[in-house]
Amino acid sequence: MQLKVNGSAHALDVDIRTSLLDALRDHLGLTGSKKGCDHGQCGACTVLVNGRRINSCLTLAVMHEDDEIVTIEGLGQPGNLHPMQQSFLEHDGFQCGYCTPGQITSAVGMLEEHRAGWPSHASQALDGAQELTDAEISERMSGNICRCSCYPNIVDAIRDAAGKVRP
């Protein structure tokens, strides 16, 4: 099978039961996406598939043969960070760093959902643009857990990056 990850095609010979997370980490050596709970509850494994954020531990690699997959490694490079990565640094949006790749990747996907006008449970209305309040950011990021409790800094980083991240 072939996966297109971070703009490059990769031929893989994996068992059909291999999760996308395991294919990325064990077969491609992309270890930025973390295996936290392996049940889709923590968000540490979040990647973007065709621009939408997913928990890579809950999907099979073979399901994504024609998809564009972006991991934390594909968002930016040392010396040329993605605006969300830079904002997390500037706002100290991490402590131990384990959840950070999933938080950043999820935040990038979340901002696209917000721009598209998708409501959340915290949205004041179900149609049109929503103000990106702290409550809105927190609700939209609720699938990503930080055991170090850096949530205020993560929200600050996302709010600051929101004007800098472009589709």
Legend entry - Neighbours by Cβ (under 8 Å, 6+ apart or cross-chain): first from the range 143-167, closer than 29 Å to N50 by Cβ; second among the basic types (K, R): P167/R115
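Got a sec? Which of C42, C57 is outside any strand (DSSP E or B) and either of a type in the set (A, V, I, L, M) or under 11 Å from S19 (Cβ atoms) (or both)? Break it down into steps so the answer makes sense when it comes.
On the way: C42 fails: either of a type in the set (A, V, I, L, M) or under 11 Å from S19 (Cβ atoms) (or both).
Just a single option satisfies the conditions, and that option is C57.
Which of the residues belonging to the range 94-141 are farther than 18 Å from G74 by Cα and polar (S, T, N, Q)?
Of all residues in the range 94-141, those farther than 18 Å from G74 by Cα come to 94-96, 113-141.
The answer is Q95, S120, S123, Q124, Q130, T133, S138.
Just checking, which of R147, R140 is closer than 26 Å to N6 by Cβ and of a type in the set (K, R)? Quick ask: steps written out before the conclusion?
Numbers: R147 fails: closer than 26 Å to N6 by Cβ.
The match here is R140.
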Legend entry - Selected residue [closer than 21 Å to C57 by Cα and not in a loop (DSSP other than H, G, I, E, B)] from M110, M84: M110
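Can you say whether E131 is assigned to a helix (DSSP H, G or I) and charged (D, E, K, R), as far as the supplied structure shows? Give the steps one after another, and end with the answer.
Numbers: assigned to a helix (DSSP H, G or I): no; charged (D, E, K, R): yes.
For E131, the condition - assigned to a helix (DSSP H, G or I) and charged (D, E, K, R) - is not met.
When you scan the range 26-46, do you find a residue that is more than 26 Å from R140 (Cα to Cα), outside the structural domain of M110 (by TED's automatic domain parsing) and in contact (Cβ under 8 Å) with a residue 12 or more places away in the chain, even just one? Don't jump to the end; show me each part of the working.
At the first step, the residues of the range 26-46 found to be more than 26 Å from R140 (Cα to Cα) are 26-29.
Right, trim to outside the structural domain of M110 (by TED's automatic domain parsing) and you get 26-29.
Checking which are in contact (Cβ under 8 Å) with a residue 12 or more places away in the chain leaves us with 27-28.
Within the range 26-46, one or more residues are more than 26 Å from R140 (Cα to Cα), outside the structural domain of M110 (by TED's automatic domain parsing) and in contact (Cβ under 8 Å) with a residue 12 or more places away in the chain.
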Legend entry - the range 78-107, residues that are surrounded by 18 or more Cβ atoms within 10 Å (Cβ to Cβ) and over 15 Å from the mean Cα position of the chain (by Cα): H91
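Within the range 49-58, identify whether any single residue is touching a Lys or Arg at 6+ places or on another chain (Cβ under 7 Å), on the phi < 0 side of the Ramachandran plot and not aromatic (F, W, Y), and answer yes or no. Explain how you work it out, then say what you get.
If we filter the range 49-58 for residues that are touching a Lys or Arg at 6+ places or on another chain (Cβ under 7 Å), which is where we start, we get 57.
Pick out the ones that are also on the phi < 0 side of the Ramachandran plot and you get 57.
Now drop any that are not not aromatic (F, W, Y), which leaves 57.
For the range 49-58, residues touching a Lys or Arg at 6+ places or on another chain (Cβ under 7 Å), on the phi < 0 side of the Ramachandran plot and not aromatic (F, W, Y): present.
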Inset, instruction - Would you check if there is a residue in the range 22-30 being buried (at least 22 other Cβ atoms within 10 Å of the Cβ), of a type in the set (A, V, I, L, M) and closer than 21 Å to L111 by Cβ? - result: no
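Residues to consider are I145, I69; find the one that is assigned by TED's automatic domain parsing to the domain that holds L28 and closer than 14 Å to T46 by Cα.
I69
The values are calculated or read from the model by the stated rules, or taken from the named source; none is laboratory data. A quick note: this is a predicted structure, and the numbers were derived from the prediction, not measured. Glycine gets a Cβ as well: all are built from the backbone with ideal geometry, and neighbour counts include every protein chain shown.
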